[in-house]
Structures are given as C-alpha cells and as structure tokens.
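Read through the structure below, which is laid out as structure tokens, and then see the notes.
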C-alpha cells in the first residue's frame, strides 16, 4: 500500500491510480464517516465517490499535509450538504401535507387580505393557548416544525392514533375559533 506522499505525487502527476490508491487506503474510513451522517448506504457510497472527484479536482493545486484529514473533511462536508438537501426535500413534502390539512380551515386570500399577517399570527397564538398542553405540543410539532405523525408519536411518547385524533379535534376547534371571529370563508 502506498504512503500518503506517494498518493499525493500521483495526484500531482494526474495519474488516475491515485484515486484507486486513495480508495484502497481510506475508503472504509470515508464510508464510515459518511454513513454515520446519512444512515443510508447508497447515499454514503455516492458521497464517498464524490469526495474522490473533489480530491482529484483540488490536488493540485492544494498539497494537503495529511491526505487522510483532507479527504475525511471533504467526505464530511459533502455528506452534511447531502443531509441538508435530503432534509429540505423531506421538509417540502411535509409542508405540502401540513398545508393541505389546513387548507379548508385557514382564511383564503380574499378574507386574509383584510387582516395583517401579524393579526392572524396573534389569533393563532391565542387559539393555541385554548388547547390542552398535549394538543398544543402536537399542533406546533405538526404545523410549525412540520414533523410527520410518526415522528411526533415517537418523540413525545404518544400513540399515532392519539396524534391523529388530537390533530383532527384541534383543526375542528380552530375552524370554529376562526369562524367565531369572522375569518372563515362562507364556503367552508
């Protein structure tokens, strides 16, 4: 097995064997770092492959003092960026689901144009204070933090059935609360 200086020399001479040597020497450690962040084998493998390309493109001109540290830092950064992307993607799906659950409750644009967003926010905060503590926690987790029902259940120790029932009841209470304040459209 080549030492780091020999591998770096291969990168500088643009010898593609440098990638194989890097993989042979540090592939397992790279995979371990990536997998610990992502917890999905395929994503971790892809991030490790991307890291080899990043090293190829950055050495030269860079000459790392420690190839291992340099490589593991790149793997970590690529994996963290991938994790952020995956969370945004998951969050956008949850956002769509959460908003669809509230679509028939929150005022439409013709009604909400009469009210400032801050007024609506105050109303929603006041509404939350009318709920019992568990219902508040569940509503905030679902509609503010956009957590899936299964995550709410496991995080707070509620059954999924309790979470679903609480959300249904809270949405109905919200509908009534907003209606009493003239914020429901007449077709709802």
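The values are calculated or read from the model by the stated rules, or taken from the named source; none is laboratory data. Given the structure is predicted, the values throughout are model-derived calculations rather than measurements. All Cβ positions, glycine included, derive from the backbone under ideal geometry; neighbour counts span all protein chains shown.
Restricting segment 140-166 to residues that are buried (at least 21 other Cβ atoms within 10 Å of the Cβ) and at pLDDT 95 or above, the residue that is farthest from residue 88 (Cα to Cα) is 166. Restrict the check to segment 101-113 and report whether at least one residue is more than 29 Å from the chain's Cα centre (by Cα), more than 26 Å from residue 87 (Cα to Cα), at pLDDT 75 or above and assigned to a helix (DSSP H, G or I). Checking segment 101-113: not a single residue is more than 29 Å from the chain's Cα centre (by Cα), more than 26 Å from residue 87 (Cα to Cα), at pLDDT 75 or above and assigned to a helix (DSSP H, G or I). Among residues of segment 130-159 that are over 19 Å from residue 101 (Cα atoms), those with a beta-carbon under 9 Å from a residue that is modelled with pLDDT under 90 and surrounded by 13 or more Cβ atoms within 10 Å (Cβ to Cβ) at least six positions away or on a different chain give the pairs 155/141; 155/147; 156/141. For residue 172, the conditions (1) surrounded by fewer than 18 Cβ atoms within 10 Å (Cβ to Cβ); (2) within 28 Å of the chain's Cα centre (by Cα); (3) farther than 26 Å from residue 88 by Cα are fulfilled apart from (2). Kindly establish whether residue 9 is over 14 Å from residue 82 (Cβ atoms) and without any contact (Cβ under 8 Å) to a residue 60 or more places away in the chain. Answer is yes for this residue.
Would it be correct to say that residue 50 is over 26 Å from residue 151 (Cα atoms), modelled with pLDDT of 95 or more and surrounded by 14 or more Cβ atoms within 10 Å (Cβ to Cβ)? Yes; evaluated as a whole, the condition is true for this residue.
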